Every structure is written in structure tokens, then in C-alpha cells.
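The structure appears below as C-alpha cells.
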Amino acid sequence: MPDPRDGSAGKKKDPRITSTATTLDPDVEAKGKSSRANLYRVGRLLFSTRGRMSRGPFWVVVVATYPLMLAAALGLAFLYEAFSTTPVQDMPTICLLAVFLWLWVIAAVGVKRLHDRERPGHLMAAPIVLGSIIAVVIAAVYQSAAAILPAAGFVALLALVPLGFLKGTQGPNRSGPEPLVAQDPGAS
């Protein structure tokens, strides 16, 4: 029963308005293209480690997100310098937020590529740990946080060979259906 105090007494609910839970539920087919459903799909693509990913979308994510990460890191550095009372001598620690966010995205799509190749996703930790160790050592030697980016980039290049160039397994595997095969909605 509608509450007369909120002004909704006697008014019918608009059937086009859906709750957030309904719109963001991946199992329910959204009517039309809702921006929330699209945002959910992009979030699942970039941040989820479930399922498989073919080489094409992997490269799109890697190539598209790297300049965004650099722009975010530089933007945070400029903001830091604008609001700081002392001049910036080195890459501010706040810039590492952009790097860590990008690292999570790369790890998530890397895990999906490993799943596509029938490999366990935890293998993605090896280049991340190795890159972190190299970055910390280089940053300590050069006493500069800016040395982290080239070190992480070098280890990322080593990981790109199995993730970006080697073909995934054909057919379904334990991580899901083959991403290159078009799913027939009428088949069951």
C-alpha cells in the first residue's frame, strides 16, 4: 500500500523504471540497452577473473587501458603538484593508485586468458610478484618511484607472449565455453 505521506498515493508506478538489483543482475536479460547494464558488462570485463577471454579482446583491453593509466597517473601528479605546498621531486605516491588499478585490470584479463588456455589463473601472480620485486629493487637503487613503470613494463612484456600470442584451447573447458564460438540463443 502506498504511503500517503510521500505523495505517491493514487499514482501508478512507471513500468520502465527498474531497480538497481534487476538491472545489474547478469542472469536477467535487460530490455533494451541500459547504461547500467553496459557499465556492469564493462566492469565484469575489466575487473572479474571468471570465464575466458580470446586474444582480440585481451589486446583491446591492454592497448586501451595503458594510455588511460598513464593519463590518470599524470593527472594525479598534476593535481598533487597544484595542491601541494612543496615542489614535486618524484612521482607522488598517489600516482601509484592509477598503476595499481591498471595492474588489477591487467591481472583480471590475464587470468581470463590463462583460463582460455586451460591454465590455472593463479599463474598470473608470477609476473606480478616478479615485477613488484624488480620494481622495488630498482626504485631502491635509483631512489626514485618513477623507476617502477619501466620495470613493471619489462615484466609485462614477458607475460604478453603466453597471454597475447598463444591460442586458447578449442571447445569448452572448465572455465566456460570457447569465447570465439558464437553462442546460439535457440540451442540448449
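The values are calculated or read from the model by the stated rules, or taken from the named source; none is laboratory data. This structure is a prediction, so every number in the text was calculated from the model and none was measured. Cβ placement follows ideal geometry from the backbone for every residue including glycine, while neighbour counts extend to all protein chains displayed.
Computed quantities for the displayed model
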quantity: Exclusive hit being out of contact with any Asp or Glu (no Cβ under 8 Å at 6 or more places or on another chain), surrounded by fewer than 13 Cβ atoms within 10 Å (Cβ to Cβ), closer than 24 Å to ALA159 by Cα and modelled with pLDDT of 85 or more, set VAL42, VAL62, VAL109, VAL137; calculated: VAL42
quantity: Residues within the stretch 118-134 that are at pLDDT 80 or above, buried (at least 17 other Cβ atoms within 10 Å of the Cβ) and over 18 Å from the mean Cα position of the chain (by Cα), tallied; calculated: 1
quantity: Restricting the stretch 153-188 to residues that are of a type in the set (A, V, I, L, M) and modelled with pLDDT under 65, the residue that is farthest from HIS115 (Cα to Cα); calculated: ALA187
